């Protein structure tokens, strides 16, 4: 496991050096996206917001942001959401939006992983820290589609400074940290059941 400090925009070389389990800190510009923006662009054929065209780091998050009297924005809460929720659009987003790095929780599916391998993109998840501790590392620089999509689903422009740590859970060679853990857990479970004399047809008790 290695630690990397990356600055966007990211190069193909930046991404190709990352392996699952590596720790990453991110600086530079990023943009946010949740389900409504995916539908807005990929299902309803609206243009991708300028932030997405200018940035290659996407964060699956609906931040809580307050508008200040001086016209600026104050970030109150930052908690990335589960990326697997967006699997329907994942491959197209990687392909059409030119993404190099996606920040989220959990994992993504086989179709998105295949496109990430083809286009050289990785997925990272928060590593052993509450993301709300990162608020001071994030500056809101703008917003798009606030009226159309609402504050949670809008596209927020962010400049981040040493944001992290994140762990690489999908690299650009088709490796998936969660899948590896699932295989390890399944094997350990099989061994334990065998040691306890419990057959493979074992199932948990249904309460209802």
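Summary of computed values
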{"item": "Inter-label distance for residue 128 and residue 179, nm, one decimal - labels placed 7 Å from Cα along Cα-to-Cβ", "result": "2.6"}
{"item": "Share of Cα-Cα pairs in segment 3-195 lying beyond 25 Å, as whole percent", "result": "33"}
{"item": "Ratio of Rg to Rh over segment 1-72 (Cα coordinates, Kirkwood Rh, two decimals)", "result": "1.06"}
{"item": "Förster-model FRET efficiency, 25 Å R0, residue 1 and residue 186, C-beta, rounded to 0.05", "result": "0.60"}
{"item": "Average Cα contact separation per residue, segment 3-195, under 8 Å, 6 or more apart, as relative contact order %", "result": "28"}
{"item": "Ordering of 8-15, 192-199, 110-117, 81-88 by burial proxy (mean other Cβ atoms within 10 Å per residue, highest first)", "result": "110-117, 81-88, 8-15, 192-199"}
{"item": "Alpha carbon convex hull of segment 67-153, volume per residue in cubic angstrom", "result": "120"}
{"item": "Backbone N under 17 Å from the residue 72 label point (7 Å along Cα→Cβ), restricted to segment 138-173", "result": "138-143, 157-161"}
{"item": "Distance cut-off 15 Å, percentage of C-alpha pairs in segment 130-172 lying past it", "result": "57"}
{"item": "For segment 21-116, radius of gyration divided by Kirkwood radius, i.e. Rg to Rh on alpha-carbons", "result": "0.98"}
{"item": "Computed E for residue 96/residue 139 - FRET, C-beta separation, R0 25 angstrom, nearest 0.05", "result": "0.35"}
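Every number in this text was worked out from the coordinates using simple rules, so none of it is lab data. For clarity, every value in this text was computed on a predicted model and none was experimentally measured. Cβ atoms come from the backbone with ideal geometry, glycine included; neighbour counts cover every protein chain shown.
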